[in-house]
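Structure, as structure tokens:
We did not get these values from a lab; they are worked out from the coordinates using the rules stated. All figures in this text were calculated on a predicted structure; none of them were measured in a lab. Don't worry about glycine lacking a Cβ; one is built from the backbone with ideal geometry, like all the others, and counts go over all protein chains shown.
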Amino acid sequence: MIPTEPIGSIPRSPELLTAMAAFESGGLSSAEFADIQNRAVRETIDSLAAAGSPVVTDGEQTKPGSLTYPLAGLENLAPDGVVIPYADGHQRQLPKLNSGPLRYKTSAVQYLQAAQQHATGPVKQAVVAPSALSLLYPPEGIAGYSREQFLDDLVAEAEAEIRGCLDAGAHVVQLDFTEGRLSLKLDPSGQVLREFVALNNRVLERFTEDERARIGIHTDPGADQDSTHSLDVDYAELLPALFQTKVGNYYLQLAGEPDRERVLRLIADQLRPGIRVFVGVTDPINPRVETADEVRDRVLEAARHIPVDQLGTCDDSGFAPFADDQSTSRQTAFAKIRARVEGTAQAAQELGTA
């Protein structure tokens, strides 16, 4: 079979979105809110299974966002951090650290364990890449807490989170690396990108080869409110550095690319033994639902460049990386996932691997 996996986030359920607002305003108790969160996770996993997904996630139903979930509740943060501009004009802003040390308030292992209570098969867990959280450190520095100390703490926290998820039985742990392509827009020299990859590898080098076979990295040009932040950056500038990341699995946005064939040739140039490349065959920011036949054709296209035993499929990105993103409905998300699963199976049959 050609493996197929979701990337992570699914639009939050309407009940959960209402409950989030009620909880923040004090109109809902912690216990009531926890019950609704648990129900949203269960419904998401059940819906993924109903769509035929062989690997499930919690859909990030209880995450405040894919970038900042470890920080929720920390008191040593200021709100005026790095700004992420999107093509449609909206922005997201990260917090910044105003004192040390850096410690994760929340580890992704808690999301994994909550999902495992409802799943009957493999569960995947997405985590924020340490490179993204390196942006928390302010350019002006922090008195008594050097950048070197900060990075040492960040590496230790990221290692502990990934190891915790692996030890808890995650099918795979996926580092979300949306900042990779964005870094080339902010710094066309590529120096920031190289620093990001080196930092991520500082963490990954702490794992064995067998462990890294269960770790992956995902890249996309952003996917928030049906807009991107770096689709105009040439993939050719990203891929050579990205493939230096010491993981066993690469999850690459592809369906939304204007020239998929060119990107596939670039990917083929970077292939090495022992890795698997999951290519995006559905585009979460395009409201039109792909057909299974379209997905089949995209998989067959990819198989002309990537050996089938190194090929997998995925969605281009998560469907709602920020909790308040309601640009895509749950119905559309699950329809796209069903098309991905069915189209991948069709392609596998044609390729003789099913």
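With a ≥ b ≥ c the root eigenvalues of the C-alpha gyration tensor of the stretch 168-226, is it rounded (a/c under 1.5), prolate (a/b larger than b/c) or oblate? Taking the square roots of the gyration eigenvalues as a ≥ b ≥ c, the stretch 168-226 is oblate. Looking at the stretch 97-191, the GluC sites (Glu not before Pro) that sit in a DSSP loop and have at most 15 other Cβ atoms within 10 Å of their own Cβ are GLU140. In the chain, a dipole from Cβ-located charges (positive for Lys and Arg, negative for Asp and Glu) runs towards its positive end, and of ILE84, ALA236, VAL247 it is VAL247 whose Cα lies farthest in that direction. Taking a ≥ b ≥ c as the square roots of the Cα gyration tensor eigenvalues, with a/c under 1.5 meaning rounded and otherwise prolate when a/b beats b/c, else oblate, which class fits the stretch 221-354? Since a/c reaches 1.5 but b/c is at least a/b, the shape of the stretch 221-354 is classed as oblate. When you count the other C-beta atoms within 10 angstrom of each residue and take the mean per peptide, 302-308, 214-220, 66-72 line up highest first as 214-220, 66-72, 302-308. Rounded to the nearest 20, the Cβ-based charge dipole of the stretch 49-185 about its Cα centre (Lys and Arg +1, Asp and Glu -1) stands at 240 debye.
Each Lys and Arg adds +1 at its Cβ and each Asp and Glu adds -1 at its Cβ; summed about the Cα centre, the stretch 4-351 shows a dipole of about 440 debye. If you take the Cα centroid of the stretch 81-127 and the Cα centroid of the stretch 220-274, the two points sit 21 Å apart.
So if we plug the beta-carbon distance of ASN286 and ALA78 into 1/(1 + (r/R0)^6) with R0 = 41 Å, what FRET efficiency do we get, rounded to 0.05?
Working from the Cβ atoms, E equals 0.70.
Within the stretch 191-280, the GluC sites (Glu not before Pro) that combine a DSSP coil assignment with at most 12 other C-beta atoms in a 10 angstrom radius are GLU205.
Each distinct pair of alpha carbons in the stretch 4-351 adds a 1/r term; the inverse of their mean, the Kirkwood radius, is 20.4 Å.
Straight Cα distances below 18 angstrom link LYS96 to the lysines LYS105, with same-chain residues fewer than 8 positions distant left out.
Just so you know, the averaged projected area of the alpha carbon convex hull for the stretch 1-156 sits at 11.9 nm².
Among LYS96, LYS246, LYS336, the largest mean-square fluctuation in a Gaussian network model of the chain (Cα springs under 10 Å) belongs to LYS96. For LYS246, the lysines whose Cα comes closer than 26 Å to its Cα, not counting residues fewer than 8 places off in the same chain, are LYS124, LYS185.
Which percent, to the nearest 5, of DSSP beta bridges fully inside the chain are antiparallel?
Details: 8 of 32 bridges.
That works out to approximately 25 percent antiparallel.
Here the extension length gained between ASP232 and ASP259 equals 8.5 nm, from 0.36 nm per residue of separation less the Cα-Cα distance.
Over the chain, Cα pairs under 8 Å with separation of 6+ residues give a relative contact order of 22 percent. Just check the stretch 25-90 against the gyration tensor rule for me: Cα atoms, a ≥ b ≥ c as the square roots of the eigenvalues, rounded for a/c under 1.5, and otherwise prolate or oblate depending on whether a/b exceeds b/c. Taking the square roots of the gyration eigenvalues as a ≥ b ≥ c, the stretch 25-90 is oblate.
D for the stretch 123-218, whole µm²/s, Stokes-Einstein with Kirkwood Rh over alpha-carbon pairs at 25 °C and 0.890 mPa s: what number?
Values: Rh = 14.1 Å.
It comes out at roughly 174 µm²/s.
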